[in-house]
Amino acid sequence: MKQLAIFDLDGTLLNTIKDLGEAANYALDRNGFHTHSIASYPFFVGNGVRRLIERVLPEDARKKDSVVEAMLKDFKGYYDQNNTKLTKPYDGIHDLLLELQERGVKLAVASNKYQSATTTIINHFFPDIDWLAIEGQQEGIPVKPDPSIIFMILAKAAITKSDTIYIGDSGLDMEAARRACVDSVGVTWGFRPEKELKEYHANVIINKPQDILPIIENGIPL
């Protein structure tokens, strides 16, 4: 039985894309740039807020530090006030977390979203979950697919890699798990296509949250 389940946030636990898109579009408009459709944002997000801002800017503007910093300030100012407005847990996620908690599985979050927003959003939507760790993007620590954030959680948990699974919706999540030498579970309900999960060698791919339960009990199917 797996003893630790580490979850990605955006696209795995929560559908955050509308709030992220609204915040980025607010910053773009405020700084005189064209906005994007919300439907385009799933391929802008994933590597932290700075990379999101760079991706939504025109190519010449993204190379200017002063522009990126102004955009970051406006994005965070808006997002910090509106990050739970349109965000919702995916169907079945809350019930899954409660079931895992009841079974004694330790739960953690490893996100590339900046730390303050990660903590706020997780505590808002899942106040009844006793998280072992809620880790977001932090100064001096590289973002996924670097495995550092997973190693931080493993150290807090004092649980072996073989007793751990990492659950995420993107190739960078699967790569982070591979580099950390923990089993990876790719989910198809998030922001990225199943093809990407396969290309990055997810150990198993699932279509609904409850499919995690037999993996917890029996490990990755051969």
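Residues being among the charged types (D, E, K, R) and under 16 Å from Ala110 (Cβ atoms): count how many of those fall in the stretch 168-199. Break it down into steps so the answer makes sense when it comes.
Step one: list which residues in the stretch 168-199 are among the charged types (D, E, K, R), which gives 169, 173, 175, 178-179, 183, 192, 194-196, 198-199.
Retained after the next criterion (residues that are under 16 Å from Ala110 (Cβ atoms)): 169, 173, 175, 178-179, 183.
So the answer is 6.
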Checklist entry - farther than 20 Å from Leu13 by Cα, open to solvent by less than 30 Å² (accessible area, probe 1.4 Å) and without any contact (Cβ under 8 Å) to a residue 24 or more places away in the chain: does that describe Val68? => result yes
Checklist entry - So Trp189 clears everything in (1) surrounded by fewer than 21 Cβ atoms within 10 Å (Cβ to Cβ); (2) over 14 Å from the mean Cα position of the chain (by Cα); (3) among the hydrophobic types (A, V, I, L, M, F, W, C) except one condition, right? Which one? => result (2)
Checklist entry - Looking at (1) over 20 Å from Tyr90 (Cα atoms); (2) open to solvent by less than 50 Å² (accessible area, probe 1.4 Å); (3) without any contact (Cβ under 8 Å) to a residue 24 or more places away in the chain; (4) charged (D, E, K, R), can you tell me which one Asp211 breaks? => result (1)
Item to check | Residues located in the stretch 92-147, provided they are in a helix (DSSP H, G or I), touching a strand residue (DSSP E or B) at 6+ places or on another chain (Cβ under 6 Å) and of a type in the set (Ser, Thr, Tyr) | outcome: Thr118, Thr119
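If you go through the stretch 74-93, how many residues are in contact (Cβ under 8 Å) with a residue 60 or more places away in the chain and under 14 Å from Lys18 (Cβ atoms)? Write out each step before concluding.
Within the stretch 74-93, the subset in contact (Cβ under 8 Å) with a residue 60 or more places away in the chain is 79, 82-93.
Next cut, under 14 Å from Lys18 (Cβ atoms) only: 79, 82-90.
The number of residues fulfilling the criteria is 10.
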Checklist outcome for this item: Of the conditions (1) in contact with a His (Cβ under 8 Å, 6 or more places away or on another chain); (2) open to solvent by 20 Å² or more (accessible area, probe 1.4 Å); (3) more than 29 Å from Ala133 (Cβ to Cβ); (4) not acidic (Asp, Glu), the single one that Thr84 does not satisfy is (3)
Checklist entry - For the stretch 24-62, what are the residues that are under 15 Å from Asp74 (Cβ atoms), in a helix (DSSP H, G or I) and hydrophobic (A, V, I, L, M, F, W, C)? => result Ala24, Ala27, Leu28, Val49, Leu52, Ile53, Val56, Ala61
Next on the checklist: Name the residue that is least open to solvent (accessible area, probe 1.4 Å), counting only residues in the stretch 148-169 that are under 26 Å from Pro89 (Cβ atoms) and assigned to a loop (DSSP other than H, G, I, E, B).
Outcome noted: Asp169
Checklist entry - For the stretch 9-31, how many residues meet the condition of being open to solvent by 10 Å² or more (accessible area, probe 1.4 Å) and either within 30 Å of Gly104 (Cβ to Cβ) or among the small types (Gly, Ala, Ser) (or both)? => result 2
Next on the checklist: Checking Arg103 against (1) open to solvent by less than 70 Å² (accessible area, probe 1.4 Å); (2) of a type outside the set (A, V, I, L, M); (3) in contact (Cβ under 8 Å) with a residue 60 or more places away in the chain: exactly one of these is not met. Which one?
Outcome noted: (1)
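The values are calculated or read from the model by the stated rules, or taken from the named source; none is laboratory data. On a predicted model such as this, the values are computed, not experimentally measured, just so you know. Note that each Cβ is placed from the backbone with ideal geometry, even for glycine, and that neighbours are counted across all protein chains shown. Accessible surface areas use protein heavy atoms only, side chains included; no ligands, DNA or RNA. Shrake-Rupley method; radii C 1.70, N 1.55, O 1.52, S 1.80 Å.
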